[in-house]
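Engineer: Structure below; questions to follow.
Any read-out appearing in this document is the output of simple, stated calculations on the displayed coordinates, not a laboratory observation. Everything quoted here is computed from the prediction, not taken from an experiment. Using ideal geometry, Cβ is built from the backbone for each residue, glycine included, and neighbour counts are taken over all protein chains shown.
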Amino acid sequence: MKQKSPHTNRGYKVPDDYFANVESSFFDTIKNSDPKEHAILDHPNPSAYKVPDSYFEDLEDRILKRVPPTKTEVIPLFSRKKLIYTTISIAALFVLILSIYKQSNTANSDTINLIETAYLQDYIDNGELELSLFEVEDILLDQNIDISAIDSDALQEESLYQYLEDHIETEYILTE
Amino acid sequence: MSSQEEEALIAALQSEKHVNEAFKKLITLYKERLYWHIRYITKNHADADDVLQNVFIKVYKNIKKFKGDSKLYSWLYRIATNESLSFLQQKAKKQNISDGELQEQLIHNLKADIYYDGDEIQYKLEQAIATLPFKQQQVFMLKYYQELKYQEISELLGTSEGALKASYHLAVKKIQKFLKE
């Protein structure tokens, strides 16, 4: 008994051996129609595409040259955890050094300020400074220190009057 | 290649030790089949060569992802098809033209291609094939140019033999119509 196709049970039918002949029907149709179309089938090799001589011979080598190198496992000298701890330690140490340096710098400048305003003044007032004012001025100029920055209030009023009386003529001041 | 040989080759490709040796064997086995598949899509030799090399490099990088659900060549064939299509899409995009316009251009360039020596009839057949939807082109080329059986095409494309026969029949009818015009 001929087995019924599952597709025929809805009333649809195809000619006998239709699917078996699909391929050959193409060639038969062409053969029986146009001589130009017929010519397609007469080509022993239907493809007209060519490749350069010896193209396939060295293809393996050319492709292998482009293959990425095999990955080798890299064992880190320092573990990630260790590296983080080390970085944190270095940063902490750096902050510590910086704060100590800043503190010491502040202390030095305070000491210098104290010397300028108190000890040095007493030292100069007591006549223990063996430099003349011109020599001091020269030193200050050599060091590029602004003379105007010197605190003039530190000079005693009596000394100033005495200095003016000794060095400047009173008449000249009055006429000006 | 028997299924046992194929399994051995896949195992070697997925091993660290023998991968390069196995990869060379893989290229030797499939280079020509893949090349012709790519060439019929890209049309010119230089492009086919580029795509073929990229396909093998991609295979090398992804061989460990191959689970063996299909035959090795079916997997390679799919990669080659996808690579070829993306290559043509990029080419069309670079030139700011449509895929259809690119197809016409590729066929037109065959006339001056030193690696194409088709006569007038063969050239007309190329033009006719280019008018087909891509799936029909694939079926026609696999059947007509590569002379594969429907069962083999079915494995490659993951389509039933019945659907392939219908697709081929449609392709043939369209080509006939084109040639008669």
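Engineer: Can you list the HN-Hα couplings for segment B:45-57, worked out from phi with the Karplus curve (6.51, -1.76, 1.60; θ = phi - 60°), rounded to whole Hz and with x for Gly and Pro?
Structural biologist: So the J values, rounded to whole Hz, are 5, 4, 5, 4, 5, 4, 5, 4, 5, 4, 4, 5, 5.
Engineer: Hey, quick one: spin label on B:GLU161, modelled 7 Å out along Cα-Cβ, who in segment B:105-143 has an amide N within reach, i.e. under 17 Å?
Structural biologist: Those under the cut-off are B:143.
Engineer: A further question on this structure: Evaluate the distance, in nm, between pseudo-label points positioned 7 Å from the Cα of A:SER159 and of B:LYS111 along their respective Cα→Cβ axes.
Structural biologist: Once both label points are built, they end up 10.9 nm from each other.
Engineer: Sticking with this one: What are the extents of the Cα atoms of chain B along their three principal axes, listed from largest to smallest and rounded to whole Å?
Structural biologist: 58, 38, 28
Engineer: Using only alpha carbon pairs under 8 Å that are at least six residues apart, calculate the relative contact order of segment B:1-82 and give it in whole percent.
Structural biologist: 31 percent
Engineer: A further question follows. Residues with amide H under 5 Å of B:TYR116's amide H, sequence separation 5 or more or different chain, H placed in the peptide plane at 1.01 Å from N; which?
Structural biologist: Residues meeting the amide H criterion: A:LYS50.
Engineer: Which of B:HIS45, B:HIS18, B:HIS169 moves the most in a Gaussian network model of chain B with Cα springs under 10 Å?
Structural biologist: Sorting by GNM fluctuation, first place goes to B:HIS18.
Engineer: Apply the Karplus curve 6.51 cos²θ - 1.76 cosθ + 1.60, θ = phi - 60°, to the phi angles in segment B:148-162 and return the couplings in whole Hz, x for Gly and Pro.
Structural biologist: Taking θ as phi minus 60°, the curve returns 7, 7, 4, 4, 5, 5, 4, 5, 5, 9, x, 10, 5, 4, x Hz for segment B:148-162.
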